[in-house]
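These notes concern the structure reproduced below.
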Amino acid sequence: SIFICEYSVTLPLILFFYSFAMHKSNSLPERIKYAFKRTCPLFLGLLIYIFSFFSLPTRTNFISSPFPVIAERVFWLSPQIFFHFIKLIFLPLHLTIDQTGNILFGKAIFDPYAIFCFLLMYSIVTLLLFSLLNADKRNNKNIIILMSSFLLSLLPFLQIISPTYCLASERYLYLPLFFLIFGISHFLFDLKAKKPLLGIIIFLLVLYSGRS
């Protein structure tokens, strides 16, 4: 399926972190070992895909760039695209095939808006890393499932892995929205509710998917 939709490359990592979070051991090495054993076939498939991809003369998406250009893409461009996607999730006012023209960019490297987007995105990444180191706590387990699955599924569309022809599109949110709802459901199930909880999840599903 990766050859059909190459953005599925993050699925092994998503399921790795899910297995990591769900394992009940308090030992970090045991959690890692357990998660890797559960997802090893997926990583093997990913390695076969990567080897095949780079051996094909028709490979696309990967171009060499000087380090300053890569750094600017990762630390300046990507956070602003990330914040645009966040706005698009909760305020889907303008859905178009190509969202590039709707993205707000700072006018300079240290523009206040660009700095805000950087702090937002990398604060979430820092929270995820902190939760990984303290994965034995219930709330941290939920944060790992919510943040890792959402961020990893969005990662290929943030220009971090490689530049693409379209900076942003509403269709790029289909898979990340699925994992966002999936992560939210883990938080809600911890409330130990049943029928009201099911209603909330169905409402969120309709709310998030209905507009698209």
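The values are calculated or read from the model by the stated rules, or taken from the named source; none is laboratory data. Note that the structure is predicted; figures quoted are calculated from it, not measured. As a convention, Cβ positions derive from the backbone with ideal geometry for all residues, glycine included, and neighbour counts pool all protein chains shown. Remember, those area values only see protein heavy atoms, side chains included, never the ligands or the DNA or RNA. Shrake-Rupley method; radii C 1.70, N 1.55, O 1.52, S 1.80 Å.
Computed values, structure above
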quantity: Residues of the stretch 49-82 satisfying the condition of being of a type in the set (Phe, Trp, Tyr), loosely packed, with under 12 Cβ neighbours inside 10 Å and at pLDDT below 85; calculated: PHE54, PHE62
quantity: Exclusive hit being closer than 17 Å to PHE83 by Cα and small (Gly, Ala, Ser), set ALA168, ALA135; calculated: ALA168
quantity: Some residue of the stretch 83-99 being in a helix (DSSP H, G or I), surrounded by 14 or more Cβ atoms within 10 Å (Cβ to Cβ) and of a type in the set (S, T, N, Q); calculated: no
quantity: Selection count, the stretch 156-173, where residues are more than 14 Å from THR10 (Cα to Cα) and open to solvent by 20 Å² or more (accessible area, probe 1.4 Å); calculated: 6
quantity: Sole residue being over 21 Å from GLU6 (Cβ atoms), surrounded by 15 or more Cβ atoms within 10 Å (Cβ to Cβ) and of a type outside the set (Lys, Arg), chosen from PHE130, PHE182, PHE203; calculated: PHE182
quantity: Residue list for the stretch 109-131, restricted to those being more than 28 Å from PHE17 (Cα to Cα), among the aliphatic types (A, V, I, L, M) and modelled with pLDDT of 95 or more; calculated: ALA114, ILE115
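One line per residue, one yes/no per condition, for (1) more than 25 Å from LEU175 (Cα to Cα); (2) basic (Lys, Arg); (3) surrounded by fewer than 16 Cβ atoms within 10 Å (Cβ to Cβ):
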{"position": "ILE4", "(1), (2), (3)": "no, no, yes"}
{"position": "LEU11", "(1), (2), (3)": "no, no, no"}
{"position": "ILE14", "(1), (2), (3)": "no, no, no"}
{"position": "PHE20", "(1), (2), (3)": "no, no, no"}
{"position": "ASN26", "(1), (2), (3)": "yes, no, yes"}
